[in-house]
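The structure appears right after this line, and notes come after that.
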Amino acid sequence: MNELHLKLQEADRVLTGFLRLPDKTFLLQFWMTVRPLVEVVRLGLVPYKEGLRLQQVYVNRHRSAPAHALLLCQHSPVYTTGIRHKPYPGPLLDQLRLLGADVHRTNRGGLITFHGPGQLVCYPVLNLGSFKKVRPEQTEISEVCGFGVKYVLFLQSVRWYVSQLEKTIITLCGRFGVEAASSPHTGVWVGDKKICAVGIHCGHYVTSHGLALNCNPDLSWFGHIVPCGIEGKGVTSLSRELQRDVSVQETIPHLLDAFREQFNCQLTEGETPEPEQNFGVSSA
């Protein structure tokens with residue numbers, strides 16, 4: 001039996017074994033229509049360190065079974081650095097601290113950026129293994145799957161995930177009448193100005209970190225850095241583009257609608273976890 005037959009047998013075994021349903025046709029229909037359930041957790045304004053701690057709490061929940069969550073928050077002023085070959089120079093980070101912001105090194109992708117009040121930060125903690133596509137294709141090797149159709153399971157890739165996050169924000173911006181787009185630089189842009197940063201981490205197919213959408217932040221914080229390490233580009237916000245105040249609270253419902261649409265999932269409200277008593281400081 002060649003490698004293709006073995007792969008098809010494995011796909012068939014997974015499909016047939018899921019929920020131990022004997023009817024493969026019904027099982028396929030079920031598999032293609034079931035939507036992952038994602039818990040929406042509203043954290044409010046939290047220090048960055050607390051946001052990191054809570055992400056890890058929700059990442060750990062995936063150890064036993066998928067437990068998807070969408071953490072929504074704002075942060076106190078903080079500059080965060082992503083993965084790069086060399087640490088940022090100490091004097092640069094010291095200058096940023098003198099501005100009154102905290103500084104954190106993270107394990108997300110991307111370079112340096114700013115988070116602060118007026119910015120909607122969204123941390124999806126998802127097991128991408130739950131976001132599968134099953135594509136039926138006609139085949140002549142009916143003996144493998146039993147009834148003339150082969151089923152190929154596709155686990156969604158990290159590239160797909162980042163693209164869906166960008167499409168979520170593009171859709172959201174469109175609902176406000178703002179024309180936004182993705183670019184090779186990652187993130188979401190209005191012309192040559194970034195309106196939303198995207199930086200993620202994915203370990204064992206479980207995601208953390210996420211996106212930060214500028215609603216009505218003080219954009220002057222970005223003037224002290226080269227956002228995401230991209231020279232010659234600017235930053236903008238929904239408020240600046242629309243010439244009116246657009247709050248995080250006004251934006252959240254549109255984010256949830258767009259996320260539900262792009263990820264083909266169900267959303268349910270979760271309980272806000274108790275904050276840690278002592279946040280402390282953990283700087284880069």
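A single entry from PRO184, PRO217 fulfils the requirement of being touching a residue at least 60 places away in the same chain (Cβ under 8 Å), open to solvent by 10 Å² or more (accessible area, probe 1.4 Å), outside any strand (DSSP E or B) and not polar (S, T, N, Q): PRO217. Here the condition is being over 22 Å from the mean Cα position of the chain (by Cα), at pLDDT 95 or above, open to solvent by 10 Å² or more (accessible area, probe 1.4 Å) and of a type in the set (Gly, Ala, Ser); of GLY100, GLY177, GLY148, GLY90, it holds for GLY177 alone. Test PHE222 against the criterion of being in contact with a helix residue (DSSP H, G or I) (Cβ under 6 Å, 6 or more places away or on another chain), open to solvent by less than 70 Å² (accessible area, probe 1.4 Å) and modelled with pLDDT under 95, and give yes or no. No. Cβ separations smaller than 7 Å between residues 6+ apart or across chains give the following pairs from segment 30-43 residues that are closer than 9 Å to GLU269 by Cα to residues that are at pLDDT below 95: GLU39/GLY270; VAL40/GLY270; VAL41/GLY270; VAL41/THR272; ARG42/THR272.
A quick yes/no check of all residues on (1) touching a helix residue (DSSP H, G or I) at 6+ places or on another chain (Cβ under 6 Å); (2) at pLDDT 80 or above; (3) within 18 Å of VAL206 (Cα to Cα); (4) buried (at least 22 other Cβ atoms within 10 Å of the Cβ):
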{"site": "HIS104", "(1), (2), (3), (4)": "yes, yes, no, no"}
{"site": "PHE114", "(1), (2), (3), (4)": "yes, yes, no, yes"}
{"site": "LEU120", "(1), (2), (3), (4)": "yes, yes, no, yes"}
{"site": "LEU126", "(1), (2), (3), (4)": "no, yes, yes, yes"}
{"site": "GLY129", "(1), (2), (3), (4)": "no, yes, yes, no"}
{"site": "ARG135", "(1), (2), (3), (4)": "no, no, no, no"}
{"site": "GLU143", "(1), (2), (3), (4)": "no, no, no, no"}
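Kindly evaluate HIS68 against the criterion of being open to solvent by less than 40 Å² (accessible area, probe 1.4 Å) and either over 19 Å from the mean Cα position of the chain (by Cα) or at pLDDT 95 or above (or both). The answer is yes for HIS68. If I filter segment 228-242 for residues that are part of a helix (DSSP H, G or I) and of a type in the set (Asp, Glu), do I get at least one hit? Checked against the condition, which is being part of a helix (DSSP H, G or I) and of a type in the set (Asp, Glu), segment 228-242 yields at least one hit.
The values are calculated or read from the model by the stated rules, or taken from the named source; none is laboratory data. A quick note: this is a predicted structure, and the numbers were derived from the prediction, not measured. Neighbour counts are summed over all protein chains in view; Cβ atoms, including those assigned to glycine, are modelled from backbone coordinates with ideal geometry. In case anyone asks, the SASA skips ligands and DNA or RNA and just uses the protein heavy atoms, side chains included. Shrake-Rupley method; radii C 1.70, N 1.55, O 1.52, S 1.80 Å.
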